[in-house]
Amino acid sequence: MSTPIPNRTQVAIIGAGPSGLLLGQLLHKAGIEAVILERQTGDYVLSRIRAGVLEQVCIDLMDEAGVGQRMHQEGLVHGGFEMLYGGTRHRIDMNKLTGGKNVMVYGQTELTRDLMDARQAAGLPTVYEAKDVAIHDFGSAKPRVTYWKDGVEHTLECDFIAGCDGFHGVCRASVPRTAIREFEKVYPFGWLGLLSDTPPVSEELIYVNSPRGFALCSQRSKTRSRYYLQVPLTDRIEEWTDEAFWQELRLRLDDEGREKLVTGPSLEKSIAPLRSFVTEPLRFGRLFLAGDAGHIVPPTGAKGLNLAATDVKYLSSAIVEFYQERSDAGIDGYSARCLRRIWKAERFSWWFTQLMHRFPDDGPISAKFQEAELDYLLNSEAGSRSIAENYVGLPLDFGE
């Protein structure tokens, strides 16, 4: 039985990815009404393969939302990761260097499924395949959203609009160009990713700086692996057979990795470009941007999903404060508070990308710079601690 869709709500959430669903769940827990509009089907949303390294902040938010049970049962807690360069591995002991902090490997698809199931079980309204979504009057106290569903146009009146609809979504695109500033860096390579039902090559992630380019050995579970290779942007996915992928990965690994690598047919294979992107500000009247709608990070630092979760934490708290305390302080400070954290994560992701990849136009000196910096970082407790505390995620109140 489908949930009736009202024509009036407190918060209209555009986008049913992790940020939109998590926001909806947190608001529901606080007794605040929200309708989620998504242009794709639910199955399509679940088919999107994304990263799955969760910071403690994201883990805590899933618990706060009441959807963390399966995550704790099936997620893999990691207290460190390895960095491979010059044929030698060096372990970053995050747990030791950060006073006991860890990350958890739990696929974004599974996190999304948990949030979807909870929303459906609670009978909360979500419109999938909402066509031609448009936002209106968000500079006023009475914003509204229009969309088409099953050949009928609908209008949803609301108090606030949360733009959780990604980099190509309608929300950021609806903001007047004179009111927004965008910062962007596009990297001259992409990541070729392969997902396979094979045991991971290592219990922890391995970040590889090799003369042939970057590689990452990651995982989704003890039986499902996710691997990445740095490739030129001119490469096409059709050019990469599974056999060619595995062969190239072997060439970038050390002897131990090559010996332990278990190969198999790919479940999914894709090439993703890398970019750093930030929008300022993130609030426009009654419209708020969250997640990929407001910022993109290269995946090297595993920050994309975690930054989106932080946005949602700040936004949900601000909206709850507005309704429960009749205060505008949270919504007025939302953008500045988010951006302060976003830029720190952007810096780390940019720096880690610079450190681990081969840049085609930099020449041999670039590799020497990387080697010297890696030699310092991995043989200095202070250097290793800096990597560790950024990787596990800075505290929500860092610097405040």
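One residue is enough: does segment 247-267 have a residue meeting the conditions among the charged types (D, E, K, R) and either over 27 Å from Leu374 (Cα atoms) or in the same structural domain as Val53 (by TED's automatic domain parsing) (or both)? Explain how you work it out, then say what you get.
Filtering segment 247-267 for residues among the charged types (D, E, K, R) gives 248, 250, 252, 254-256, 258-260.
Those left that are additionally either over 27 Å from Leu374 (Cα atoms) or in the same structural domain as Val53 (by TED's automatic domain parsing) (or both): none.
No, segment 247-267 contains no residue that is among the charged types (D, E, K, R) and either over 27 Å from Leu374 (Cα atoms) or in the same structural domain as Val53 (by TED's automatic domain parsing) (or both).
Give me the helices (runs of 4 or more DSSP H) completely within segment 1-68, filtered to those with at least 2 residues that are touching a His at 6+ places or on another chain (Cβ under 9 Å), ordered by residue number. Reasoning before the result, please.
Working: elements: 18-29, 42-47, 56-64.
Output list reads 56-64.
Can you name the residue in segment 88-111 that is among the β-branched types (Val, Ile, Thr) and surrounded by fewer than 21 Cβ atoms within 10 Å (Cβ to Cβ) and is also nearest to Arg48 (Cα to Cα) among such residues? Steps first, answer last, please.
Step one: of segment 88-111, the residues among the β-branched types (Val, Ile, Thr) are 88, 92, 98, 103, 105, 109.
Then keep just the ones that are surrounded by fewer than 21 Cβ atoms within 10 Å (Cβ to Cβ); that gives 88, 98, 109.
Details: Thr88: 34, Thr98: 32, Thr109: 7 Å.
My answer is Thr109.
On the stretch given as segment 324-352, residues that are buried (at least 16 other Cβ atoms within 10 Å of the Cβ) and not basic (Lys, Arg) total 14.
Answer yes if at least one residue in segment 376-394 is on the phi > 0 side of the Ramachandran plot, touching an Asp or Glu at 6+ places or on another chain (Cβ under 9 Å) and assigned to a loop (DSSP other than H, G, I, E, B), and no otherwise.
At the first step, the residues of segment 376-394 found to be on the phi > 0 side of the Ramachandran plot are 393.
The next check asks that each one be touching an Asp or Glu at 6+ places or on another chain (Cβ under 9 Å); those that pass are 393.
Cutting the leftovers down to assigned to a loop (DSSP other than H, G, I, E, B) gives us 393.
Yes, segment 376-394 contains at least one residue that is on the phi > 0 side of the Ramachandran plot, touching an Asp or Glu at 6+ places or on another chain (Cβ under 9 Å) and assigned to a loop (DSSP other than H, G, I, E, B).
Determine which member of the set His72, His28, His90 is under 30 Å from Gly257 (Cα atoms), in the same structural domain as Ser317 (by TED's automatic domain parsing) and either aromatic (Phe, Trp, Tyr) or at pLDDT 95 or above (or both). Exactly one of His72, His28, His90 is under 30 Å from Gly257 (Cα atoms), in the same structural domain as Ser317 (by TED's automatic domain parsing) and either aromatic (Phe, Trp, Tyr) or at pLDDT 95 or above (or both), namely His72. Residues in segment 232-265 that are closer than 11 Å to Leu194 by Cβ and of a type in the set (A, V, I, L, M) were compared, and the one that is surrounded by the most Cβ atoms within 10 Å (Cβ to Cβ) is Leu249.
For segment 77-87, what are the residues that are buried (at least 18 other Cβ atoms within 10 Å of the Cβ) and at pLDDT 95 or above?
Taking segment 77-87 and keeping what is buried (at least 18 other Cβ atoms within 10 Å of the Cβ), we get 78-85.
Within segment 77-87, His78, Gly79, Gly80, Phe81, Glu82, Met83, Leu84 meet the criteria.
Taking the criterion of being farther than 12 Å from Arg39 by Cβ and of a type in the set (A, V, I, L, M), the residues of segment 156-178 that qualify are Leu156, Ile161, Ala162, Ala173, Val175.
For segment 137-172, what are the residues that are surrounded by fewer than 13 Cβ atoms within 10 Å (Cβ to Cβ) and either in contact with a Gly (Cβ under 6 Å, 6 or more places away or on another chain) or aliphatic (A, V, I, L, M) (or both)?
Our first condition is that a residue be surrounded by fewer than 13 Cβ atoms within 10 Å (Cβ to Cβ); within segment 137-172, this holds for 140-142, 150-153, 155, 168.
Passing the criteria: Ala141, Val152.
Within segment 92-107, how many residues turn out to be part of a loop (DSSP other than H, G, I, E, B) and polar (S, T, N, Q)? Walk me through it before giving the result.
Quick first cut of segment 92-107, residues part of a loop (DSSP other than H, G, I, E, B) only: 93, 98-102, 106-107.
Checking which are polar (S, T, N, Q) leaves us with 98, 102.
Matching residues across segment 92-107 total 2.
Kindly provide the set of residues from segment 145-158 that are touching a residue at least 40 places away in the same chain (Cβ under 8 Å) and within 19 Å of Ala293 (Cβ to Cβ), ordered by number. Residues satisfying the conditions are Val145, Tyr147, Leu156, Cys158. It is to be established whether one or more residues within segment 154-164 are within 30 Å of Leu233 (Cα to Cα) and either part of a strand (DSSP E or B) or within 28 Å of the chain's Cα centre (by Cα) (or both). Scanning segment 154-164 turns up at least one residue that is within 30 Å of Leu233 (Cα to Cα) and either part of a strand (DSSP E or B) or within 28 Å of the chain's Cα centre (by Cα) (or both).
Report whether or not Ser225 is in contact (Cβ under 8 Å) with a residue 40 or more places away in the chain, crowded, with 17+ Cβ neighbours inside 10 Å and among the hydroxyl-bearing types (Ser, Thr, Tyr). In short, no.
Within the bounds of segment 44-52, is there any residue that is touching a strand residue (DSSP E or B) at 6+ places or on another chain (Cβ under 6 Å), over 21 Å from Val392 (Cβ atoms) and outside the structural domain of Leu192 (by TED's automatic domain parsing)? Yes, because at least one residue in segment 44-52 is touching a strand residue (DSSP E or B) at 6+ places or on another chain (Cβ under 6 Å), over 21 Å from Val392 (Cβ atoms) and outside the structural domain of Leu192 (by TED's automatic domain parsing). Kindly indicate whether any position in segment 108-123 is of a type in the set (Gly, Ala, Ser), farther than 23 Å from Ile387 by Cα, in contact with a Lys or Arg (Cβ under 8 Å, 6 or more places away or on another chain) and outside the structural domain of Ile206 (by TED's automatic domain parsing). No: segment 108-123 contains no residue that is of a type in the set (Gly, Ala, Ser), farther than 23 Å from Ile387 by Cα, in contact with a Lys or Arg (Cβ under 8 Å, 6 or more places away or on another chain) and outside the structural domain of Ile206 (by TED's automatic domain parsing). Here Glu268 fulfils each of the conditions (1) surrounded by 15 or more Cβ atoms within 10 Å (Cβ to Cβ); (2) under 20 Å from Thr112 (Cα atoms) apart from (1).
The values are calculated or read from the model by the stated rules, or taken from the named source; none is laboratory data. The model shown is predicted, which means the values in this text are computed figures rather than measured ones. Every residue, glycine as well, gets a Cβ built from its backbone with ideal geometry; the counts of neighbours run over all protein chains shown.
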